[in-house]
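Below is one structure, written out as structure tokens; comments come after it.
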Amino acid sequence: MSISEEIIGDIVIETINSNRATLIESENLKKLIYDKVEKGYKKIIIDLSNAEFIDSTFLGVIVNGLKKVVSLGGDLKLVGFKPAVRSMFELTRLFRVFESYPELQSALKSFQK
């Protein structure tokens with residue numbers, strides 16, 4: 001699968017293992033996020049370190065995932081932007097909406113505050 005999942009305590013980490021995050025990855029990520037939310041997880045990190053490109057469908061899944069966990073009192077944070085992915089977030093102004101971190105450890109620590 002192009003997405004791997006790890007759980008550390010009460011934090012779910014979804015790592016995108018593809019250089020292009022498009023429709024297939026979007027569908028998989030949506031299922032993973034909603035499954036974890038149904039199981040009570042409210043802290044999610046999406047690691048985009050391997051992604052060179054994300055499309056609008058994938059971006060929509062991330063936005064909807066954020067809305068879902070925030071409505072339950074949680075948060076969804078992003079890790080590791082490559083230049084093209086950063087441009088997408090800047091172009092859509094979503095960099096103002098998401099907390100993002102250069103590496104996973106920083107994102108994990110941010111949930112402990």
## Note on the structure
Cα extents of the chain per principal axis, largest first, Å, are 31, 27, 22
### Task
Could you tell me what percent of the DSSP beta bridges with both partners in region 3-110 are antiparallel, to the nearest 5?
30 percent
#### Entry: Three-way shape call for region 63-113 based on the alpha-carbon gyration tensor, with the a/c threshold at 1.5
oblate
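Computed from the coordinates by the stated procedures, all read-outs in this text should not be read as laboratory data. Predicted model only: the values in this text are computed from it and were never measured.
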